[in-house]
Amino acid sequence: MTVFFSVLAPIIVLLVYILFLGDLQADSIMSLFESQGYAEMITDVQVKAIVNNWMISGVMGVSCITIALNANIIMVRDRMTGNINDIISSPVKKWVLYMSYIISCFLITFTICFIVLMLSLCYLAGTGGLMMSFSDFLIIICVMIMSILSSAFFMVLICGFIKTTGALGALNSVFSTAIGFLIGAYLPFSMLPKYMQYIACFIPGTYSAGLFRNYFMGGIIRHLEIPEDVLTNLLNSYFNLDFFGNKITAGWMVLVVLISIVIFSALIVILYSNKRTNFFMMGRKNKKKKNSKQKLTRGKNESWNCHNL
């Protein structure tokens with residue numbers, strides 16, 4: 001059921017775009033061309049292709065993050081039920097256990113995101129918006145792998161603090177709703193307030209979504225035959241990503257995502273190797289020690305009372 005709803009969530013977002021938000025974005029792009037007197041230079045099919053590719057790139061960026069969060073319910077459930085204690089007591093090394101959760105999160109997220117990608121490409125092909133090359137497709141797969149790695153490390157790090165599946169469900173509800181706006185997946189950055197644009201600059205998912213846009217929309221942008229100034233306005237509104245006024249190229253986006261992978265993985269190694277911040281045993285080890293001390297004290301008191309009697 002968890003896998004089913006993980007697949008269902010991005011598909012619902014995709015359907016919402018197709019049925020409602022897509023037309024709003026198409027009208028916005030058409031009004032941009034009409035305001036500059038170039039409405040006859042672009043067709044409705046091209047506008048739809050721009051919107052669909054922009055929309056699907058945002059869905060892919062959000063899916064890499066939210067599905068990784070859902071995949072960690074296995075780790076949280078093991079900690080909640082105490083199954084993790086049985087595994088730790090076995091002769092399996094702890095780093096193997098930690099890596100198993102990370103690899104599991106990556107494989108689950110990659111499989112579901114790949115299914116979403118294939119469904120999205122089928123939709124683009126059916127609507128005439130599939131204009132990417134085979135090299136663009138391969139790069140999109142590489143971008144997806146990098147994005148999932150960054151999300152998997154980050155979500156394993158965050159879920160280490162969560163003790164119950166109920167808390168994870170509450171976090172998922174809030175996080176899944178907010179992250180789409182924070183990384184500019186639901187609305188273009190030009191429509192967001194300035195403070196949200198600044199916040200988005202420090203979220204790795206923003207750069208993942210930007211990379212998806214570069215290679216999803218690259219084909220349709222190359223096919224457009226419009227004046228340079230109109231193309232610049234279109235790119236600034238729906239395509240380009242800037243860091244406090246500085247335009248960020250695809251190379252810098254890749255670098256940011258790779259740096260986030262290194263930082264999150266290093267934090268996991270540091271925190272998981274420290275006994276005081278051992279997430280899997282957090283809140284359990286101290287409690288057991290406290291209970292054992294209480295039992296020892298109670299036993300001493302009972303023996304003392306029996307001796308006096």
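Residues that are surrounded by fewer than 13 Cβ atoms within 10 Å (Cβ to Cβ) and small (Gly, Ala, Ser) within segment 240-274 comprise Gly245, Gly251, Ala266, Ser273, listed in sequence order. Against the criterion of being within 29 Å of the chain's Cα centre (by Cα), crowded, with 22+ Cβ neighbours inside 10 Å and either at pLDDT 85 or above or closer than 30 Å to Cys122 by Cα (or both), Ser57 qualifies.
Counting only helices (runs of 4 or more DSSP H) that sit completely within segment 1-116, those holding 2 or more residues that are without any contact (Cβ under 8 Å) to a residue 12 or more places away in the chain and not polar (S, T, N, Q) correspond to 2-16, 22-35, 83-88.
Check segment 157-176 and report whether any residue there is of a type in the set (A, V, I, L, M) and modelled with pLDDT of 90 or more. Checking segment 157-176: not a single residue is of a type in the set (A, V, I, L, M) and modelled with pLDDT of 90 or more.
Among the residues of segment 226-243, those that are modelled with pLDDT under 75 and in a loop (DSSP other than H, G, I, E, B) comprise Ile226, Pro227, Phe239, Asn240. When Leu69, Leu107 are checked against the criterion of being under 20 Å from the mean Cα position of the chain (by Cα), under 21 Å from Ile179 (Cβ atoms) and assigned by TED's automatic domain parsing to the domain that holds Val13, a single residue qualifies: Leu69.
The values are calculated or read from the model by the stated rules, or taken from the named source; none is laboratory data. Since the structure is predicted, the reported quantities are computational estimates derived from the model, not experimental observations. Neighbour counts run over all protein chains shown; Cβ positions are idealised from the backbone, glycine included.
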